[in-house]
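The values are calculated or read from the model by the stated rules, or taken from the named source; none is laboratory data. Here the structure is a predicted model, which means the values were calculated and not measured. Glycine also receives a Cβ, built like all others from the backbone with ideal geometry; neighbour counts cover every protein chain displayed. Accessible surface is based on the protein model in full, side chains and every heavy atom, while ligands, DNA and RNA are left aside. Shrake-Rupley method; radii C 1.70, N 1.55, O 1.52, S 1.80 Å.
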Amino acid sequence: MKKLILIALLVILHACHHKERSLWHKFMVKENPQKFILHSNSNSTVKGNKGTVIEIESNSFVDGTGKVVDEVLFTLEEFYSISDFIKNNLATQTTDGKLLRSSGMINISAESDGKEVFLKKNIKVKFPRVQFSRVANLFEGSLGKEGEILWKPMEQIHKDTSFFRTELIEQEEYGEEKVTVFIEIIVGNDTLEHSKENYDKFKDYIEKHVVEKFEKWNYYAFSFNKLGYINCDIFINKEIKPFVVSTNRQDSKVYIVVDSLNSALYAVSANLQRNIFTFRRPADLPITVIAYAEDGKETYFKLTKTNAEADTLNVDLIQTDPKDIRKAIELLN
């Protein structure tokens with residue numbers, strides 16, 4: 001009897017989970033994970049389509065018994081834009097409620113012969129430097145109460161992580177002669193973002209060594225030995241205020257986007273019976289509110305921009321074609 005009850009509960013939980021994810025995940029087209037075959041007898045470098053670079057030493061992966069495996073299937077997912085965050089339920093918030101602006105998130109995993117393997121050594125991960133901040137911090141993913149991914153620090157906060165490196169310049173893009181320049185620069189040990197004056201000085205120093213076209217090889221670089229969801233983010237150093245959103249439909253999902261900070265924020269509390277959601281938002285910046293609901297057959301949606309002064313917002317969701325919802329999310333990039 002106990003076994004039958006357990007099976008029934010599992011079926012019910014699976015059905016609820018499937019219902020919660022159904023329509024949204026059907027029409028939100030996501031990129032396929034990138035897969036790489038790595039061999040243990042040599043060092044490997046994995047380069048993602050969106051600029052992530054992962055350097056892996058030989059003999060880095062072991063099975064559950066601690067034995068080094070010969071061949072590894074390595075999987076990488078990259079999330080760098082607002083639409084990436086929204087489609088994949090990724091927040092730019094810590095588990096204790098602090099707000100972040102994103103310089104990129106990844107999800108990495110590895111297996112051998114269909115079984116999970118683990119890291120024996122540190123890997124070096126380089127995130128393209130999309131924020132003008134000398135300081136970034138590393139976080140690991142943690143599941144939130146609404147199924148979103150939140151973040152907790154993996155290292156000491158306020159560590160300088162600026163990293164600059166050029167790589168091989170391809171012949172077909174830059175002329176007949178290939179030129180290889182390697183340069184690494186770690187600058188300063190402060191926790192301040194660049195002011196315009198500081199950034200100009202910093203940039204001038206770089207350009208004495210590296211020409212303008214090399215700027216795309218600016219990275220935040222970290223070494224660690226974890227797989228899973230990893231995040232390179234910067235703390236939002238601004239005054240924060242509460243912001244309340246109410247909607248006209250049951251079972252709504254509401255997100256707010258701070259466009260200027262590449263941030264997607266999830267409610268810190270929600271009264272689902274009254275359709276009221278409370279957020280913490282930067283006090284001096286405009287935001288975009290995204291509200292979504294479904295009833296099993298139809299989808300409902302509203303995207304609303306607000307000014308920096310707003311403390312509350314009432315949202316009337318309207319029936320919207322999933323294709324139009326997807327287009328609206330894509331335009332948030």
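Report whether or not GLU148 is in contact with a strand residue (DSSP E or B) (Cβ under 8 Å, 6 or more places away or on another chain) and crowded, with 20+ Cβ neighbours inside 10 Å. Yes, satisfied. For beta carbons closer than 6 Å, sequence separation of 6+ or different chains, a first residue in segment 302-318 that is acidic (Asp, Glu) and a second that is surrounded by 11 or more Cβ atoms within 10 Å (Cβ to Cβ) and assigned to a loop (DSSP other than H, G, I, E, B), the qualifying pairs are ASP316/ASN248. Residues that are at pLDDT 95 or above and small (Gly, Ala, Ser) within segment 54-74 comprise SER58, SER60, listed in sequence order. Could you list, in sequence order, all residues of segment 297-311 that are open to solvent by less than 100 Å² (accessible area, probe 1.4 Å) and either at pLDDT 95 or above or assigned to a strand (DSSP E or B) (or both)? Matches in segment 297-311: THR299, TYR300, PHE301, LYS302, LEU303, THR304, THR306.
Quick test of your reading of the structure: PHE118 fulfils all but one of (1) surrounded by fewer than 20 Cβ atoms within 10 Å (Cβ to Cβ); (2) closer than 25 Å to SER260 by Cα; (3) at pLDDT 90 or above. Name the failing condition by number. Failing condition for PHE118: (2). Any chance you could count how many residues in segment 312-333 are part of a loop (DSSP other than H, G, I, E, B) and open to solvent by 40 Å² or more (accessible area, probe 1.4 Å)? Residues in segment 312-333 being part of a loop (DSSP other than H, G, I, E, B) and open to solvent by 40 Å² or more (accessible area, probe 1.4 Å): 4 in total. Among residues of segment 89-106 that are within 10 Å of CYS232 (Cβ to Cβ) and in contact (Cβ under 8 Å) with a residue 24 or more places away in the chain, those with a Cβ under 6 angstrom from a residue that is of a type in the set (S, T, N, Q) and not in a strand (DSSP E or B), sequence gap 6+ or separate chain, pair up as SER102/ASN262; SER103/GLN131; ILE106/THR52.
The number of residues in segment 274-296 being open to solvent by 80 Å² or more (accessible area, probe 1.4 Å) and farther than 29 Å from PHE235 by Cα comes to 2.
Specify the residue that is most open to solvent (accessible area, probe 1.4 Å); the eligible residues are those in segment 260-273 that are assigned to a loop (DSSP other than H, G, I, E, B) and not hydrophobic (A, V, I, L, M, F, W, C).
Once the filter is applied, the top-ranked residue is GLN273.
Condition check ((1) over 30 Å from TYR255 (Cβ atoms); (2) touching a Pro at 6+ places or on another chain (Cβ under 6 Å); (3) crowded, with 16+ Cβ neighbours inside 10 Å) across all residues:
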residue: SER44; (1), (2), (3): yes, no, yes
residue: GLY51; (1), (2), (3): no, yes, yes
residue: ILE56; (1), (2), (3): yes, no, yes
residue: GLY66; (1), (2), (3): yes, no, no
residue: LEU73; (1), (2), (3): yes, no, no
residue: LEU76; (1), (2), (3): no, no, yes
residue: PHE85; (1), (2), (3): no, no, yes
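Looking at this structure, is VAL257 open to solvent by less than 10 Å² (accessible area, probe 1.4 Å), farther than 25 Å from VAL135 by Cβ and either assigned to a strand (DSSP E or B) or not hydrophobic (A, V, I, L, M, F, W, C) (or both)? No.
Quick one: would you say PHE36 is in contact (Cβ under 8 Å) with a residue 24 or more places away in the chain, aromatic (Phe, Trp, Tyr) and surrounded by 19 or more Cβ atoms within 10 Å (Cβ to Cβ)?
Values: in contact (Cβ under 8 Å) with a residue 24 or more places away in the chain: yes; aromatic (Phe, Trp, Tyr): yes; surrounded by 19 or more Cβ atoms within 10 Å (Cβ to Cβ): no.
Spelling it out, it is not the case that PHE36 is in contact (Cβ under 8 Å) with a residue 24 or more places away in the chain, aromatic (Phe, Trp, Tyr) and surrounded by 19 or more Cβ atoms within 10 Å (Cβ to Cβ).
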